[in-house]
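What follows is one structure encoded as structure tokens, with my remarks underneath.
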Amino acid sequence: MRAAVVTFPGSNCDRDLVVAMEACFGKPVVRVWHADHELPPVDLVGLPGGFSWGDYLRCGAIAARAPIMAAIRRHAERGGYLLGICNGFQILTEAGLLPGALVRNAGLRFVCRPLRLAVANRNSAFTSAYGEGPVTIPVAHHDGNYVIDREGLARLEGEGRIAFRYLDNPNGSVADIAGVLDARGRILGMMPHPERAVDPRLGSEDGKPLFASLLAAIGG
Amino acid sequence: MTLAITDELLARHKLSRAEYADILRILGREPNLVELGIFSVMWSEHCSYKSSKIHLKKFPTTAPWVVCGPGENAGVVDIGDGLVAVFKMESHNHPSFIEPYQGAATGVGGILRDVFTMGARPVALLDALRFGDPKAPRMRHLVSGVVAGIGGYGNCVGVPTVGGECTFHPAYDGNILVNVMCVGIARADRVFYARAAGVGNPVVYIGAKTGRDGIHGATMASAEFSEADTSLRPTVQVGDPFTEKLLIEACLELMETGAIVAIQDMGAAGLTSSSFEMAARGGTGIELDLDAVPLREAGMTAYEIMLSESQERMLLVAAAGREEEAFRICRKWGLDAAVVGRVTDTGRMVIRHKGEIVADLPVAPVSGASPVYDRPVAPLPRPVPLVAEAIRAPLDPPQALLRLLSSPDLSSKRWIFEQYDWLVGCDTVVPPGLGAAVVRVHGTKKALALTTDCTPRYCAADPRVGGMQAVAEAWRNLVAVGARPLAITDCLNFGNPERPPIMAQLVAAIEGMAEACRALDFPVVSGNVSLYNETDGRAILPTPQVGGLGLIEDVDRLVRLDAARAGDRLVLVGECTGWLGASLFLREILGREEGAPPPVDLALERRNGEFVARQIARGAVRACQDLSDGGLAVGAAELCLASGVGGSLAPPFASSEACGWWFGEDQGRYLLAVPPDRLGELLAAAAAEGVLAREVGSLGGDALTLGGHPPISLEAMRQAREGWFAAWMNETSGAEG
């Protein structure tokens, strides 16, 4: 497992994701700067949460056009793994690497709370280590309301590409979608923060199986 | 430039004729307009503390663990392992009333800069908010705007907002309080001070461009309000938390290089106060070239550039020859940077603009010789103690408890804190809503316990006791999670100090606080004074807000309010006289605001607290609740709700009167949940140490029973506590604007 985490101007969960990955993978994680043009040789790239470019224009829109994104696109085309969390998910949809879009929460307010999720697909590279039953992972976002057209939704449902669903939908997302996979199952975007759920002192360890799944899929 | 110094011009600069006479004496000539503007902001109440200075000296400010007390950008305390905690609280009251979102947001931005200016990475924010009557016009708008502003800024910069307070009283109808506290962590050998040194060193400006916003904000913050003042909106600054995030990262990276000699944020009074303060502390002078200042708009005058309060700007002194390192890091983060001056040894601030000297002022008198006033005080009214007979109301304790839990002050503030990212950083081990917040010191076993406290109704009844109580409650809150209280920051919010009754409140509150700080070894290391909190002659309740910081050596040994279990015994530590004067019960249930506040016996406070701390350290306490608003019944209800377990409390002891037993607010008290097998030794230890500790009940079931009264289900209590805020916010607003 060789992993990297990208920092954009305004990223603020980059350190947290590095800490969680290093704890779960048992290996150092490389940090990559948004203005770089090349990725180091890695199996997994994490796009962290935060407010890249201050959420100006649209959340993730400017970061999706950062120099590093061309290399990330090539990484994805080669079949490399990509994990976008919160703002990282927004960047992935803005970059067209995942379908749909994330718009303002239905309640119009930022929401930060631990939430119960159903693991809707337990066969993916990101979720294979999850057991049955709900998991608790916190969210913290203002624009996490997932929208997609009817055909796109039917495709996601039909192909088993909905990874997580909210059991108590906090933002109005269609079909309670909290996280989606790309067609090959190598890219996951999710609004909840698994990196905030790997330490029992923070209230939940339900993020750990996500990283354990990746470790199993990619290998030590 | 000749300037006609009229009374009207001085009034606009909020300078008195006597102060103007001082200016003439200092300069030996008449000032020009730029210079007058500089004196105006530097000698404003906000920057000069001219009404409070002689009284602030009464605070104890030292202890073996205090690295830096008041006078710098923030206070610094040693937390071991070569690390220090850097913290301060500041008000942004007036701007938040005028424009709640930006007012509160820029309050957060300002206090963050005070902390990272010193080389510390900000790790936590807290907010103490005081609003008016929930039914007052604009109040929902103010609350939702302030909360959104705090969240909008703090969430974006990625600093968790972990705690605070929010209470309501009609005295704040026309003047809400927004007090923001920030805590950061730095290496002890990397604390930066704002002392311009090294003649010839370049003065570098970094961050956002300077615009016309916020000119005379410091002066505005030093004046009373009138209803017409909402037209002051153009003087409220607009925040850009994205730039702030870049500034944090750029400044911390710059500090790592060793290329920085001194650094100061441009807060109130902008370029003026930052340059004067750095030169004054360094005993040097500065030459400034305003043509080099990055500007947002063309045609700005020297007066406007010097007085602008545009946000997200820093001024630093670099080591000569190492400017390029600063520029490289600023370029990396996409920030403007420019050399705007040099350090000199003249002791003068010489400011050039368009080839002319537009100001030439001696630094020390402008910065240090601001007027100091010993303002007259009126005798304080002596609070009339409540007569016990006067409160023998027909009482149904369960009903009273539910009403208290659903009162605006005690209702859950979930509606607020869920709009804050309280978890970013992954170190918030005790989240908001459970007493003092606890944030881990990243990468260590240690943690900081953080709280904000003040009970304005006590301060209104007796400012001296109220000041003592605010400090004691902060201390108690920290003890209750297993922390060793280290120090406080404060924010002294009062009315117009030129009115002797208000000045008397300020002086008494400071003296009460100082006495408590001394008795509890809990010094003041930073703070802020906010005066003139009045609208149309009506002052707020005196609100000496305290922000407390404590250290937990081992995060795995902290005590959480939600950790109690069925079977645990409830132990009440402390005296119970049934004190109902100035209590929340009296106000919310009987509709009366009267009586003296509960006395604060500091020796007893300390003895009880140290006993509880030892019991926590020995592992004899599963959960700990310090008792405050609403007394024993509310404390027990909050403990039960947090832990998700019911309980039963013994009926009042023979000597106690029922209202006072359940809802009295005697100080220095804790309610402990103790595992049954530890009860005997705990009570024996208390007896041996002369601490009053009594078993008053136990935990179990799914309802709380108060003596012989019918049980109150956890669900009913939860609904009472959780319901009010969201319901209030969702009410159709009717005629309200």
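Quick notes
- Amide N proximity, region B:290-328 versus B:Val199 label position 7 Å along Cα-to-Cβ, cut-off under 18 Å: B:318-321
- Taking amide H as placed 1.01 Å from N in the peptide plane, B:Val340 has its amide H under 5 Å from the amide H of B:Val203, B:Val204, B:Tyr205, each at least 5 places away in sequence or on another chain.
- Accessible area of A:Arg184 (1.4 Å probe, protein heavy atoms only, ligands and nucleic acids ignored): about 140 Å².
- Per residue value of the accessible surface for the protein assembly as shown (all protein chains in place, 1.4 Å probe), Å²: 33
- Delta accessible area of at least 10 Å² on complex formation, residues of region A:1-30, 1.4 Å probe, chain isolated as reference: A:Pro9, A:Gly10, A:Ser11, A:Asn12, A:Arg15, A:Asp16, A:Val19
- Shown is the FRET efficiency for B:Asp289 and B:Asp133, computed with R0 = 35 Å from the Cβ-Cβ distance and rounded to the nearest 0.05: 0.10.
- Exposure check, 1.4 Å probe, all protein chains in place: B:Glu277 carries approximately 50 Å² of accessible surface.
- Residues of region B:403-424 whose accessible area (probe 1.4 Å, heavy atoms of protein chains only) drops by at least 30 Å² once all protein chains are present, relative to their chain alone: B:Trp415, B:Glu418, B:Gln419, B:Asp421, B:Trp422, B:Leu423, B:Val424.
- For region B:640-737, the C-alpha radius of gyration sits at 1.45 times the compact-globule guess of 2.2 N^0.38 Å, with N the residue count.
- Candidate lysines - alpha carbon under 16 Å from B:Lys209, same-chain residues fewer than 8 apart omitted: B:Lys245
- Taking each residue as 0.36 nm, the span from B:Glu731 to B:Ser16 lengthens on full extension beyond its C-alpha to C-alpha distance by 252.7 nm.
- Prolate/oblate/rounded label for region B:351-461 (Cα gyration tensor, a/c 1.5): oblate
- Region B:348-363 - phi-based ³J(HN,Hα) in whole Hz, Karplus 6.51/-1.76/1.60, Gly and Pro as x: 10, 9, 10, 10, 10, 8, 6, x, 10, 7, 9, 7, 8, 10, x, 5
- Threshold 40 Å² - residues in region A:106-136 whose accessible area is reduced by that much or more when the chain is no longer isolated, probe 1.4 Å: A:Arg109, A:Phe110, A:Cys112
- Using alpha-carbon coordinates, inclination of helix B:463-479 to the longest axis of chain B, degrees: 80
- Translational diffusion of region B:91-173, µm² s⁻¹ [Kirkwood Rh, Cα pairs; Stokes-Einstein; 4 °C; 1.567 mPa s]: 99
- The charge dipole of region A:1-127, taken about its Cα centre with unit charges on the Cβ of Lys, Arg, Asp and Glu (plus for the first two, minus for the last two), comes to roughly 340 debye.
- Taking the square roots of 5 times each eigenvalue of the Cα gyration tensor of region B:1-85, largest first, gives ellipsoid semi-axes of 39, 14, 10 Å.
- Mean projected area of the convex hull spanned by the Cα atoms of region B:277-359, taken over all viewing directions: 6.1 nm².
- Carbon/sulfur fraction of accessible area - region A:1-147, other protein chains in place, 1.4 Å, %: 54
- Cα gyration tensor category, rounded, prolate or oblate, for region A:24-126 with a/c compared to 1.5: oblate
- Value at 222 nm in deg cm²/dmol, rounded to 500, when DSSP H runs of n ≥ 4 in chain B each add -39,500 (n - 2.57): -10500 deg cm²/dmol
- Kirkwood hydrodynamic radius of region B:609-696, Cα pairs, Å: 13.7
- Size of electric dipole in the protein assembly as shown: Cβ of Lys, Arg +1 and of Asp, Glu -1, about Cα centre, debye, nearest 20: 1280
- Relative contact order of chain B, pairs being alpha-carbon contacts under 8 Å that are 6 or more residues apart, as %: 15
- Solvent exposure, largest accessible area first (probe 1.4 Å, DNA, RNA and ligands not counted), of B:Arg313, A:Arg113, B:Arg187: B:Arg187, A:Arg113, B:Arg313
- Helix B:33-42 axis versus longest C-alpha principal axis of chain B: approximately 20°, rounded to the nearest ten.
- FRET efficiency estimate (nearest 0.05) - Cβ-Cβ, B:Arg718 to B:Asp677, R0 45 angstrom: 0.90
- Gyration tensor (alpha-carbon) shape descriptor, the protein assembly as shown, a/c threshold 1.5: oblate
- Compactness index (Cα Rg / 2.2 N^0.38 Å), chain B: 0.96
- Calculated FRET efficiency for the pair A:Glu205/B:Ala378, C-beta based, R₀ 56 Å, to 0.05: 0.40
- Kirkwood Rh and Cα Rg combined as Rg/Rh, chain A: 0.92
- Taking N as the residue count of region A:89-199, its C-alpha radius of gyration divided by 2.2 N^0.38 Å amounts to 0.98.
- Stokes-Einstein diffusion coefficient of region B:492-640, Kirkwood radius over Cα pairs, 10 °C, 1.306 mPa s, in µm²/s: 87
- For region B:380-386, 3J(HN,Hα) computed residue by residue from phi via the Karplus equation (6.51, -1.76, 1.60; θ = phi - 60°) reads 6, x, 7, x, 8, x, 6 Hz, glycine and proline entered as x.
- Length gained when the stretch B:Asp360-B:Glu575 is fully extended (0.36 nm per residue, less Cα-Cα span): 71.1 nm
- With both labels modelled 7 Å from their Cα along Cα-to-Cβ, the B:Gln399 to B:Arg121 distance reads 5.5 nm.
- For chain A: relative contact order, % (alpha-carbon pairs under 8 angstrom, 6 or more apart): 21
- For region A:123-196 versus region B:503-545, the gap between their alpha-carbon centres in whole angstrom: 51
- Between B and A, roughly 2400 Å² of accessible area is buried in total, ligands, DNA and RNA not counted and the probe set to 1.4 Å.
- Taking the Cα centre of chain B as origin and assigning +1 to Lys and Arg Cβ atoms and -1 to Asp and Glu Cβ atoms, the resulting dipole is close to 720 debye.
- Carbon/sulfur fraction of accessible area - chain B, other protein chains in place, 1.4 Å, %: 53
- Between helix B:241-257 and chain B there is an angle of about 70 degrees, using the helix long axis and the longest principal axis of the Cα atoms.
- Label zone of B:Thr301 (point 7 Å out along Cα→Cβ, amide N under 16 Å): in region B:39-74 this covers B:39-41.
- Accessible area of B:Leu316 in the full protein assembly, 1.4 Å probe (Å², nearest 10): 0
- Value of [θ]222 nm, deg cm²/dmol, for chain A, DSSP H segments ≥ 4, -39500 (n - 2.57) each, nearest 500: -6500 deg cm²/dmol
The values are calculated or read from the model by the stated rules, or taken from the named source; none is laboratory data. Not measured: the values here are computed from a predicted model. Because the Cβ atoms are built from the backbone with ideal geometry, glycine has one as well, and the counts that use them run over all protein chains shown. Please note that ligands, DNA and RNA were not included when accessible areas were found on the heavy atoms of the full protein model with its side chains. Shrake-Rupley method; radii C 1.70, N 1.55, O 1.52, S 1.80 Å.
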